[in-house]
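Just below is one structure, and these are the notes that go with it.
Computed from the coordinates by the stated procedures, all read-outs in this text should not be read as laboratory data. What you see is a predicted model; the values in this text were computed from it and never measured. Cβ atoms come from the backbone with ideal geometry, glycine included; neighbour counts cover every protein chain shown.
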Amino acid sequence: RMLKRQMLCRLDIDWLNAAFLAIYESLVPLEEETAKQKQFFMLLEKLVSKEWPEARLYLYGSCANSFGVSKSDIDVCLAIEDAEINKSEVLLKLADILQSDNFQNVQALTRARVPIVKLMEPVSGISCDICLNNVLAVVNTKLLRDYAQIDVRLRQLAFIVKHWAKSRGVNATYQGTLSSYAYVIMCIHFLQQRRPAILPCLQEMGTTYSITVDDIQCAYFDQVEKLHGFGSRNKEAIAQLVWAFFNYWAYRHDYANAVISVRTGSILSKREKDWTRRIGNDRHLICIEDPFEISHDLGRVVDKFSIKVLREEFERAADIMQYDPNPCVTLFEPY
Ligand code: CTP
Ligand code: MG
C-alpha cells in the first residue's frame, strides 16, 4: 500500500509539473512575434539615425531580457551622449518624426517621472515606449537575460510568477505593488538561495563585463555559456519551485529585518543598508535591493496598505500550492 501511495504522489507531482510547463509554454512568444518586434525596432533605428546620426537605440525590458510574455509592449531606450541636450525637446522632436512616418497614437509624455514617447504601430498593433538615456535599464536587462541562460527553471518560474501577479492585480507600481522587474529579481534571488543552488551570483564572480553608467560601476561575470549545468545537482522541477517560492514570501521571509540582494547572492539586514525607517516616500516594507543601483529599494513603492494586499496574496498562493487539488487553475483566478 505504501508503494502505491508513493506512486500516486509521484504521478501527482509529474502531472502538476506538466501543467505548469504547459502554462509556461503558452506564455512564451512565438518566433513570428519576436521577428516582428525586431523589424519594428530596425525601422525605428533607421528613423532615429536620420535625425541623430550619433545616437544609439537599445531594446530593454521584457522584449530583451527573455522574460517577456506574448503580446508585451516594447521598451526602447534612445541613448544620446551629448550632455547639452534638452530631454523634452528631443522627445518632442522624436514624436514629431514618428508622427510624420504614419505611426499612430504618438504621444510625448515629457512631464512623467520617466519622460517617454509612446506609440503604436498600426499593422502589427505593437505598442512601444521610448525613453531617453536610461542606460542602466539596458545594462540590468542584459544581467537578467544572462541569468536566464544559465538555467531554464528561472524563466519558467518568472513566467509563472509574473502571470500570477498580473492575474491577481499585484503587478502595478502605481498601486503600491511590485514591478515585473522586481518579481524577476525575487526569482533570481530565490534560485540563488536554493540548496543546492540553481543559480550562481554573477556579480561575485570574476568580472568579464564591466561598464560605468551614471557613476555606477556595473561589473559581473557574463560568460554564462560556461555555466550551463550549474544547477544540475538540484533536481527540483517547476511545481516544487513555485510552491517553495510562495512559501518563502508568505511564511519565511523576515519582513522586519531582511533585504534580498541578488548582487551579493545573500540576504542583507535593513540595518546595514540603513533602510530601517521611512525616508521621504521610501518605506522599506519589503526590501529588494537593485543589483546595480544599490541605494535603490525596488520595494519602495509598497505602502502600509499594499504590503497587506501583497502578503495576503503570497499566503493565498502558498496555501493553494499546499492544499488545492488543482493549483494551476486556482492560482491564476482573477481577483
Ligand atoms: N526598470 C528598472 N528599475 C525599476 C523598474 C524597471 O531599471 N525599478 C527597468 C528594467 O530594465 C526593466 C524595464 O525597466 O527590465 C521594464 O520594467 P518592467 O515594465 O517592470 O518590466 P518588463 O520586463 O518590461 O515587464 P512586462 O512584461 O510587465 O512589461
Ligand atoms: Mg515592459
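Sort 210-216, 175-181 by packing, meaning the average of other beta carbons within 10 Å per residue, with the highest value first.
On the way: 210-216: 12.0, 175-181: 19.4.
Peptide ranking by packing, descending: 175-181, 210-216.
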Helix 152-167 axis, angle to the chain major axis (alpha carbon atoms, nearest 10°)
80 degrees
Cβ-derived FRET efficiency at R0 41 Å, ALA197 paired with LEU47, nearest 0.05
0.35
Segment GLN223-CYS9, extension gain: residue separation times 0.36 nm, minus the distance between their alpha carbons:
73.1 nm
I'd like the distance separating the alpha-carbon centroids of the stretch 106-154 and the stretch 275-335, in whole Å.
23 Å
Cα-projected label distance for GLN175 with THR212, points at 7 Å along beta-carbon direction, nm
4.3 nm
If every Lys and Arg gets +1 and every Asp and Glu gets -1 at its Cβ, then about the Cα centre the chain yields a dipole, in debye to the nearest 20, of 1360 debye
Quick check: from the Cα gyration tensor, does the stretch 55-132 come out rounded (a/c under 1.5), prolate or oblate?
oblate
Check: in the stretch 149-330 the Lys pairs 8 or more apart or on separate chains whose Cα atoms fall under 24 Å apart number 10
So if the hydrodynamic radius of the stretch 171-212 is defined as the Kirkwood radius over C-alpha pairs, what does Stokes-Einstein give as its diffusion coefficient at 10 °C and 1.306 mPa s, in µm² per second?
129 µm²/s
Counting pairwise Cα distances across the stretch 194-335, what percent come out greater than 26 angstrom?
40 percent
Could you work out how much longer the chain between ARG252 and ASP101 gets when fully extended? Use 0.36 nm per residue separation minus the Cα distance between them, nm to one decimal.
49.1 nm
Considering only DSSP beta bridges whose two residues both sit in the stretch 31-136, what percent are antiparallel, to the nearest 5?
75 percent
On a straight-distance basis, which aspartates and glutamates could pair with LYS50 in a cross-link, Cα separation under 15 angstrom, same-chain partners fewer than 8 positions away excluded?
ASP96, ASP101
Under the 7 Å Cα-to-Cβ spin-label approximation, LEU27 and ILE80 lie apart by a distance in nanometres of 3.7 nm
Roughly what angle does helix 180-193 make with the longest principal axis of the chain, taking Cα atoms, 0 to 90 degrees, to the nearest 10?
40 degrees
Please give the charge dipole size of the stretch 163-318, origin at the Cα centre, charges +1 on K and R Cβ atoms and -1 on D and E Cβ atoms. Round to the nearest 20 debye.
660 debye
Given backbone amide H placed at 1.01 Å from N, residues whose amide H is under 5 Å from that of ASP222, ignoring those fewer than 5 places away on the same chain, are THR208, TYR209
Can you tell me the mean projection area, over all orientations, of the convex hull of the chain's alpha carbons? Units nm², please.
19.0 nm²
For the chain, whose charge dipole is built from +1 on Lys and Arg Cβ atoms and -1 on Asp and Glu Cβ atoms, the candidate among VAL262, CYS218, LEU136 with its Cα farthest towards the positive end is VAL262
Sticking with the crude label model, points 7 Å out along Cα→Cβ, report the distance from LYS71 to ARG56 in nm, one decimal please.
3.4 nm
Calculated from DSSP H runs of 4 or more alone, at -39500 (n - 2.57) each and per residue, what is the 222 nm mean residue ellipticity of the chain, nearest 500?
-13500 deg cm²/dmol
For the stretch 195-252, what does the alpha-carbon gyration tensor say about shape, rounded, prolate or oblate, given a ≥ b ≥ c as the root eigenvalues, a/c under 1.5 as rounded, and a/b over b/c as prolate?
oblate
